[in-house]
Amino acid sequence: MKKIYMILAVCIILLGFQVSKADERLKLLGKITSIQLENKEDSLLVSIRLKMSFQATGNVPVLLWKQTYPHDENLRGRFLGTFSKIFGMLPTEKEEKILYYHSSRLPSIQRTQGWQDIKKELDSEILQSTQIQSIKSGETLDFDAEWSFIFLKKKANGSNDPLWGYSSHFDVLSNEIKTAKNLSLQVTYRVWSSELELHSDRKDKKPFGKKLQKRWKKYGYLWLDDIVSEPIPLDLSSAVVKTESKL
Amino acid sequence: MRPSGSDTFRQDYAYDKLNRISTVNEYQVTNGTPAELARQLGLKGNEAEKFAKNFTEKGLSDGVELAKLGGDTGRIYGIVQDKLSDQRKEDIKGKGDNPYDGILADCSSTSANLNLPIAGANGKNWSVLVMDVFIENNLTSKSEGDLRIGDVVRYGLDETNSKGEITSRNVPKHFTTFIFMSDDNVPQVFSRSGVGGRFETGSASGFAGKFGNDVDYGNIRGIGRDSTGYYGRR
């Protein structure tokens, strides 16, 4: 029995090492370049522009899919932001907490010939520069990003129901974000598209991506997971107000 | 994504040890009469009468769990509750993950399976394009006032290139499922927003368009010459 526990403990340690090892290969850093507040009739829109940087921090280059969405030119070449959250420390508390979060809408399954063509092009022994970009160890890949947050100004009917939209955000803004210290923003990006994998009834293991990851080992590490940025300091006092707005 | 409120339909929750909402326990009926409830679910004629009769005969009243009503209403609300509960559990973790479901994998497979249990849609065999074909073969266009629980709402967009020229017209981008008409007659829908996306509810129009850096779902729009973008079983 003791032996089994020991083996289990070793497995857990190894698993932890694997995860942290993978995380150390790539970092996502961000810097806010502008914040704009737009006062609307029923809401306050906060638009944040950022300079984001993927930084290869491991010993091997990191390979990223070039986001060559076959149909939607608005998405093409753009990393897809999937999730954002604002952290802060309230005067009454000793620890930071999540004050706001937002899940973005995602594209639906298209499974068109365009996607098949991309898969065919990717499924090659040689790295296809039309589909994959490489970040050498110690180098960065920069991109511009924009995130918007909407805060409702008043409670609508049923606003105590947290699942009905994002009703609590007005309260969060007025009562929490306003008084919180050390505000920071953390954003998540999707790097590998679900459209490149089959959507099975079991948890998606990204078999196509894993196959390429193994095949292209000599070129670097193909990044498949969503990536969460490092916390980005957020100073709302630097915001430009588009119309009269009281934060 | 805020829907109008409804006095008739309310959500109730279960709480975890830290007093955080952990589960969407049930959709409750509060003030509605059986006939009013049937109307807001979009049931008509014999179906509405049968629903109201069943409701009354079983001695149901305020606080009834819609998932336990049987028929399409019970089936659809059962799924809606399960999925919203799963979503809430992920939200509490705060990592930005959404529940995994290979059957209800995206908006198209979710709305197909909710509309027709034998649709057989899943993440492997379905897509927004397949959903358009499914609609053309199985459903018929209808008006907003005729919406019935389980009906499909379609969202389409003209795709453009970097010069702003239209490259493809009325491309299907999103689908939602009608679940009830609010007291102020605003259609309320359930949706999975994208592949592996959020399970959420809101007004049908709340899912149209683009917000911030989000993906653009376009507008509520029918296939070809279909005028409304609302579809129900033939």
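Please treat every number below as a calculation from the coordinates, not as lab data. Keep in mind it's a predicted model, so treat the numbers as computed, not measured. When we count neighbours, we look across all protein chains shown, and the Cβ atoms used for this are built from the backbone with ideal geometry, even at glycine.
Structure above, values below:
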| read-out | value |
| --- | --- |
| Spatial separation of Cα centroids for the stretch B:157-234 and the stretch A:60-85, in angstrom | 23 Å |
| Solvent-free Debye scattering, log10 I(q)/I(0), computed from the Cα coordinates of the stretch B:120-224 at q = 0.14, 0.16, 0.22 Å⁻¹ | -0.58, -0.75, -1.35 |
| Shielding score for B:122-129, defined as the mean number of other chain Cβ atoms within 10 Å | 6 |
| C-alpha center-to-center spacing [the stretch B:40-114, the stretch A:205-242] in angstrom | 35 Å |
| log₁₀ of I(q)/I(0) at q = 0.19, 0.24 Å⁻¹ - the stretch B:36-100, Debye sum with one point per alpha carbon | -0.75, -0.98 |
| Entries in A:Lys211/B:Lys210; A:Lys51/A:Lys242; A:Lys40/B:Lys142; A:Lys181/B:Lys83 that, when Cα-Cα distance is taken, lie over 30 Å | A:Lys211/B:Lys210; A:Lys40/B:Lys142; A:Lys181/B:Lys83 |
| Charge dipole (debye, nearest 20) of the stretch A:38-130; +1 at Cβ of Lys and Arg, -1 at Cβ of Asp and Glu | 80 debye |
| Two-site FRET efficiency, A:Asn182 against A:Val241, from Cβ-Cβ distance with R₀ of 22 Å, rounded to 0.05 | 0.45 |
| Point-to-point label distance, A:Lys136-B:Ser227, nm (Cα→Cβ direction, 7 Å offset) | 6.4 nm |
| Amide H within-cut-off set for A:Gly58, under 5 Å, with H built and near neighbours excluded | A:Gly138 |
| Förster radius 35 Å - calculated FRET efficiency between B:Lys53 and B:Thr160, Cβ distance, rounded to 0.05 | 0.10 |
| Check: the stretch B:128-227 dipole with +1 on Lys, Arg Cβ and -1 on Asp, Glu Cβ, in debye | 200 debye |
| Amide H contacts of B:His174 (H built 1.01 Å from N, under 5 Å, at least 5 apart or other chain) | B:Tyr155 |
| Averaged over A:106-119, number of beta-carbon atoms from partner chains that fall within 10 Å | 6 |
| Entries in A:Lys31/B:Lys95; A:Lys178/B:Lys89; A:Lys218/B:Lys124 that, when Cα-Cα distance is taken, lie over 23 Å | A:Lys178/B:Lys89; A:Lys218/B:Lys124 |
| Karplus-derived HN-Hα couplings along the stretch A:72-83 (A = 6.51, B = -1.76, C = 1.60, θ = phi - 60°), whole Hz, x at Gly and Pro | 8, 5, 5, 8, 4, x, 10, 6, 8, x, 10, 7 |
| Positive-end extreme of charge dipole, the stretch A:23-74 - chosen from A:Ile35, A:Gln55, A:Thr68 (charges on Cβ) | A:Gln55 |
